[in-house]
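Scroll down for the structure; my scribbles are underneath it.
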Amino acid sequence: MSRSKTLFEKAQKHIPGGVNSPVRAFRGVGGTPIFFKKASGSKVYDEDDRSYIDYVGSWGPMILGHNHPSIIEAVHQQVDLGLSFGAPTAIEISMADAVCELIPSMDLVRMVNSGTEATMSAIRLARGYTGRDKILKFEGCYHGHSDSLLVKAGSGALTLGVPNSPGVPADFAKHTLTVTFNDLESVRAAFEESGSEIACIIVEPVAGNMNCVPPKPGFLEGLREICDQYGAVLIFDEVMTGFRVALGGAQEFYNIKPDLTTLGKVIGGGMPVGAFGGKREIMEQIAPLGPVYQAGTLSGNPVAMTAGLAAMKEIAKPDFHKNLTVKLTRLLEGLKERAAAAGIPLVTNQAGAAMFGMYFTDQEQVTSFAEVMACDNDRFNKFFHAMLEEGVYLAPSSFEAGFISSAHTDEDIDFTLQAAEKAFARIA
Ligand code: PMP
């Protein structure tokens, strides 16, 4: 029996489902989750010492690959100085300055500990600022698991088939309006009906929790216009896209300025970090400047800030994102060629530099939640396991985006394409 199987059995004794976050349990793809013990560069190593080329990257943070020497060294130095003070530190200033410089729509930024906290706090702020209760989100977009946002969500909530979780009071959920991603008409209709009650639109500018669906031309522009027309706050949830799709996030790539932005993943360099920020006038409503309460014992944690700041310095180097784009394009073109040769219909989506989607479908393109749901899940699951056997680790769900890192070499891409060729032959 593999160590992962043994550990998974043991894990279930005291951990619900053996995991600390549901998608890790492989419920969507079936089989036993792989237990990892170490990682380096583009590779992760399991408890049986097998290595895999990693396209999950800890679900996004690892844009530099695992254990990047600059991050590890900076963290080691900080650890010797202290793990947490619960008081202001100089490194928090460096972090805030770096974030606001890279993302010009952000005048002020508050650090938190996860993407969930970032979006939850941004929603409260938008409600406090506008004095309105309703929020508008998109079906298949995931913004963490806070009550207001766990309505028709993506990611694990899709995999597990529990888009509306028990435990979210109907009285909360009724304030969350859900419309269709890439369909401005559905947004307009919601605003025509309740525009004066809607505090904000929250959107993943590239939807990454229903696999990877980029915005259609004009979609994000339309959201900006509608928010301006109705006095609602536009929140870009860039937890996944921030510093990844482009250095300045999806907002730079598509050239749209949101009012508030939420960040996570890359900003922590692998440590638990999130952030929200935006226009000064709105952010000044946050305590202690304003009446909207938000706080955190470990927020701005010095070790986490150090890791994140080291990551940001690396990704800001010239051509970092351009090189990732070239690499990703080669990977996706190679996958399409090999799928076609095996007679398997495959659609790929690429958003900016380092985020991609793959769909087993004979539809010409995948641009909406309905089109995602019409793809061949069973085939993806078989492909996932075939790739795993070949030594390639993809996200264990057909609803998750894939990620590459600067540590992925040309040899890694070649290895992946050879693996895919064998996998396509097996599932044809
Ligand atoms: N927003 C988006 C767009 C995400 O992809 C995620 C997590 N995948 C979150 C928010 C929640 O972040 P966390 O898991 O750190 O709470």
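The values are calculated or read from the model by the stated rules, or taken from the named source; none is laboratory data. Quick caveat: nothing in here was measured; it's all calculated off a predicted structure. Neighbour counts are summed over all protein chains in view; Cβ atoms, including those assigned to glycine, are modelled from backbone coordinates with ideal geometry.
The table below gives the values:
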item	result
Residue in the range 327-336 that is touching a Phe, Trp or Tyr at 6+ places or on another chain (Cβ under 7 Å) and hydroxyl-bearing (S, T, Y) present	no
Qualifying position, being modelled with pLDDT of 95 or more, touching a Cys at 6+ places or on another chain (Cβ under 8 Å) and within 16 Å of the ligand (Cβ to nearest atom), among I123, I103	I123
Residues of the range 1-47 that turn out to be closer than 24 Å to N67 by Cβ and either within 24 Å of the chain's Cα centre (by Cα) or surrounded by fewer than 13 Cβ atoms within 10 Å (Cβ to Cβ) (or both), as a count	19
The listed residue being touching a His at 6+ places or on another chain (Cβ under 8 Å) and within 19 Å of P396 (Cα to Cα), out of I34, I53	I53
Some residue of the range 232-241 being touching a residue at least 12 places away in the same chain (Cβ under 8 Å), touching a His at 6+ places or on another chain (Cβ under 8 Å) and not aliphatic (A, V, I, L, M)	yes
3 or more residues under 23 Å from A275 (Cα atoms): qualifying helices (runs of 4 or more DSSP H) within the range 165-256	219-230, 249-253
Filter result (over 20 Å from K265 (Cα atoms) and surrounded by fewer than 19 Cβ atoms within 10 Å (Cβ to Cβ)) within the range 48-60	D48, D49, R50, S51
Contacts under 9 angstrom Cβ, first residue in the range 166-180 being touching a residue at least 40 places away in the same chain (Cβ under 8 Å), partner of a type in the set (G, A, S) and part of a strand (DSSP E or B), 6 or more apart	H175/A199
Residue check, T159 within 20 Å of A207 (Cα to Cα), at pLDDT below 85 and among the polar types (S, T, N, Q)	yes
Cβ-Cβ under 7 Å pairs, at least 6 apart or on other chains, the range 245-274 side in the same structural domain as S405 (by TED's automatic domain parsing), far side away from the ligand (no atom under 14 Å from the Cβ) and assigned to a strand (DSSP E or B)	none
Selection from the range 106-119 of residues that are in a strand (DSSP E or B), within 15 Å of the ligand (Cβ to nearest atom) and in contact with an Asp or Glu (Cβ under 9 Å, 6 or more places away or on another chain)	M111
Counted residues, the range 257-281 - those being part of a helix (DSSP H, G or I) and crowded, with 24+ Cβ neighbours inside 10 Å	4
Per-region count, the range 61-87, residues free of Cβ contacts under 8 Å to residues at least 60 places away in the same chain and in a loop (DSSP other than H, G, I, E, B)	2
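A quick yes/no check of all residues on (1) closer than 30 Å to V19 by Cα; (2) surrounded by fewer than 20 Cβ atoms within 10 Å (Cβ to Cβ):
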position	(1), (2)
R379	yes, yes
P396	yes, no
G402	yes, no
D410	no, yes
Q418	no, yes
